[in-house]
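The values are calculated or read from the model by the stated rules, or taken from the named source; none is laboratory data. Since the model is a prediction, treat every value here as computed from it, not as a measurement. Because the Cβ atoms are built from the backbone with ideal geometry, glycine has one as well, and the counts that use them run over all protein chains shown. Surface accessibility is based on the protein's heavy atoms, side chains included, excluding ligands, DNA and RNA. Shrake-Rupley method; radii C 1.70, N 1.55, O 1.52, S 1.80 Å.
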Amino acid sequence: MIAAIAIPVAGVTADQIADTWGDSRGDGTRSHQAIDIPAPGGTLVIAAAPGQVEKLFNSAAGGTTLYVRSPDRAWTYYYAHLAGYAPGIREGSSVTRGTVLGYVGDTGNAGAGNTHLHFGVSRMAPGDRWHAGTPVNPYPLLAGSALRR
């Protein structure tokens, strides 16, 4: 089971988050499999849950991204459009809930000035690599619900 997780943007409260899961993206060619949390550029992005930084990655869509795998390897937390990584964050770093991972930005396809954190959660099967897994809506987790494995 995955328990409720921390809101991964410093200073943002639950009532400031909208459920953008499933919203249309790419002119209707795909659905949003994460939620977007708007915040000023440079706002601290924190670990929503404990784990290990599995991958630092730069992509056209997500820009500067970071993946954290849970200690039981059953979940991955995805942080995208970062302005940069926090000092000392590297692949293999252990993090606790609340560890500063990076900073809100607008990299990738976010659009200049559209600063936000794209936050995703995926259920992982044994052997799944950092980019695999089955996406689940993180909104209920941030609202205090739990998902069963």
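Between Thr96 and Ala6, what length comes free when the chain is fully extended (0.36 nm per residue of separation minus the Cα-Cα distance, one decimal in nm)?
Extending this stretch completely gives an extra 31.3 nm.
Using label points projected 7 Å from each Cα along Cα→Cβ, tell me how many nm separate Ala61 and Arg73, to one decimal.
Calculated label separation equals 2.5 nm.
Quick one, can you get me the convex hull of the C-alpha atoms of region 45-109 expressed as volume per residue in Å³?
Here the figure is 66 Å³ per residue.
Grab the DSSP H runs of the chain that are 4 residues or longer, score each as -39,500 (n - 2.57), total them, divide by all residues and round the 222 nm result to the nearest 500 deg cm²/dmol.
-500 deg cm²/dmol
Quote the Stokes-Einstein diffusion coefficient, in whole µm² s⁻¹, for the chain, based on the Kirkwood radius over alpha carbon pairs, a temperature of 20 °C and a viscosity of 1.002 mPa s.
142
Would you please give the residues with an amide H less than 5 Å from that of Gly84, counting only those at least 5 places away or on a separate chain, with H modeled from the backbone geometry?
Hits under the 5 Å cutoff: Tyr103.
Give me the mean projected area, in nm² to one decimal, of the convex hull enclosing the Cα positions of region 97-138.
Directional mean of the projected Cα hull area for region 97-138 stands at 4.2 nm².
Taking the Cα centre of region 75-149 as the origin, how large is its charge dipole in debye, to the nearest 20, when only Lys and Arg (+1) and Asp and Glu (-1) carry charge on their Cβ atoms?
320
How big is the equivalent ellipsoid of region 37-78 along its three axes, where each semi-axis is √(5λ) from the Cα gyration tensor, reported in whole Å from largest to smallest? List each step's numbers first, then the result.
Values: eigenvalues 81, 39, 12 Å².
So the three semi-axes of region 37-78 are 20, 14, 8 Å.
Summing +1 for each Lys or Arg and -1 for each Asp or Glu, what net charge is found among the other residues whose Cβ lies under 12 Å from the Cβ of Asn114?
Values: positive: none; negative: Asp36, Asp106.
Around Asn114, the surrounding residues sum to -2.
Using +1 on the beta carbon of Lys and Arg, -1 on that of Asp and Glu, and nothing else charged, what's the dipole of the chain about the Cα centre, debye to 20?
That gives the chain a dipole magnitude of about 480 debye.
With a 1.4 Å probe and all protein chains left in place, how much of the accessible area of the chain comes from carbon and sulfur atoms, in whole percent?
Reported share for carbon and sulfur atoms: 51 percent.
Placing +1 on the Cβ of each Lys and Arg and -1 on the Cβ of each Asp and Glu in the chain, which of Leu44, Asn137, Val95 has its Cα farthest towards the positive end of the resulting dipole?
The residue sitting farthest along the positive end of the dipole is Val95.
Just to confirm a number: summing +1 for Lys and Arg and -1 for Asp and Glu over residues other than Leu56 whose beta-carbon lies under 10 angstrom from that of Leu56, what do you get? Before the final figure, lay out each step's value.
Numbers: positive: Lys55, Arg90; negative: Glu54, Glu91.
Taking every other residue near Leu56 into account, the sum is 0.
What do you get for trypsin sites (Lys or Arg not before Pro) in region 66-103 restricted to DSSP loop and a cutoff of at most 10 other Cβ within 10 Å of the site's Cβ? Can you show the working numbers first?
Details: sites: Arg69, Arg73, Arg90, Arg97; in loops: Arg73, Arg90, Arg97.
Qualifying residues, ordered by number: Arg90.
How many Å² of accessible area per residue for the chain, probe 1.4 Å?
Normalised by residue count, the accessible surface of the chain is 47 Å².
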